[in-house]
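Down below is the structure, laid out as structure tokens.
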Amino acid sequence: MRRCVWLVAVALFVVIGAGVRRAGATMVVPASLDELAAGAVAIFHGRVADVQPRWEPGRRRIESFVAIEVVDYLKGNLGPLVVIRVPGGELGPYRSIVVGAPTLTPGDEVILFVGANGPSYPYVLGLDQGVFRVVRTNARQPSMVLPPPVASRTNAPGRVVRGDPQRRPPTLEAFVSQVRALVEQVAGGARAVGASR
């Protein structure tokens with residue numbers, strides 16, 4: 001009797017374990033601008049020059065290699081042309097969608113927060129959280145920086161007021177200044193920690 005119960009328990013564990021292994025999910029935890037600045041290997045303003053989708057090894061998924069012509073670096077330096085890897089893309093009749101992954105097209109003007117692991121291609125931090133789009137409404141207005149559409153870091157209810165200046169996107173100049181200050185603050189903190197050791 002004990003042996004039978006034991007075998008049923010092991011079989012149930014194997015079946016549940018196999019089912020859990022097949023299930024997959026993407027969970028994106030909202031990151032603040034200072035967290036993105038601290039975690040980025042490089043932050044740069046640039047324009048998307050080219051997007052090349054390719055099959056991942058094994059032809060199970062498509063990934064896109066996005067070439068960006070850099071206008072200005074706010075942190076780090078990866079050269080005048082940076083190629084990043086983005087999950088998902090479209091190749092012939094096939095389309096691979098990764099929830100939360102950024103969609104970049106040639107001509108897009110962006111500020112990217114990127115990370116890197118070893119000798120592989122850089123990637124956008126926090127999926128689309130590391131993509132800030134630069135929009136130009138007309139020649140007389142300054143360029144604005146649109147933040148990524150990510151949920152708020154707090155679940156506290158808040159009141160949305162139409163026309164509130166706090167909700168307006170910053171100008172490109174103000175956003176660049178803010179990011180440079182954050183980068184300097186992170187670098188200053190790292191120097192202070194190194195000096196105390």
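Residue count for region 44-70 under the criterion of being aliphatic (A, V, I, L, M) and farther than 17 Å from G130 by Cα: the result is 3. Entry remark, region 39-63: residues being buried (at least 19 other Cβ atoms within 10 Å of the Cβ) and at pLDDT below 95 number 2 in total.
Those strands (runs of 3 or more DSSP E) of region 84-146 in which at least 2 residues are touching a residue at least 24 places away in the same chain (Cβ under 8 Å), of a type in the set (A, V, I, L, M, F, W, C) and farther than 25 Å from R59 by Cβ, considering only elements entirely within it, cover 109-115, 131-135, 144-146.
Using the structure shown, decide if R47 is among the charged types (D, E, K, R) and assigned to a loop (DSSP other than H, G, I, E, B). Criteria not met by R47. Output yes when any residue across region 126-139 is surrounded by fewer than 20 Cβ atoms within 10 Å (Cβ to Cβ), touching a Lys or Arg at 6+ places or on another chain (Cβ under 7 Å) and over 24 Å from S32 (Cβ atoms), and no when none is. No: region 126-139 contains no residue that is surrounded by fewer than 20 Cβ atoms within 10 Å (Cβ to Cβ), touching a Lys or Arg at 6+ places or on another chain (Cβ under 7 Å) and over 24 Å from S32 (Cβ atoms). When A67 is tested against (1) at pLDDT 95 or above; (2) hydrophobic (A, V, I, L, M, F, W, C); (3) closer than 24 Å to P170 by Cα, exactly one condition is not met: (3).
For region 76-114, a tally of residues being under 14 Å from A42 (Cα atoms) and either surrounded by fewer than 16 Cβ atoms within 10 Å (Cβ to Cβ) or over 16 Å from the mean Cα position of the chain (by Cα) (or both) returns 7.
Report, by residue number, each residue of region 115-152 that is among the hydrophobic types (A, V, I, L, M, F, W, C), within 16 Å of the chain's Cα centre (by Cα) and more than 17 Å from G88 (Cβ to Cβ). Within region 115-152, A116, F132, V134, V145, L146, V150, A151 meet the criteria.
The values are calculated or read from the model by the stated rules, or taken from the named source; none is laboratory data. Just so we're clear, the structure is a prediction, and the values are computed from it rather than from any experiment. Don't worry about glycine lacking a Cβ; one is built from the backbone with ideal geometry, like all the others, and counts go over all protein chains shown.
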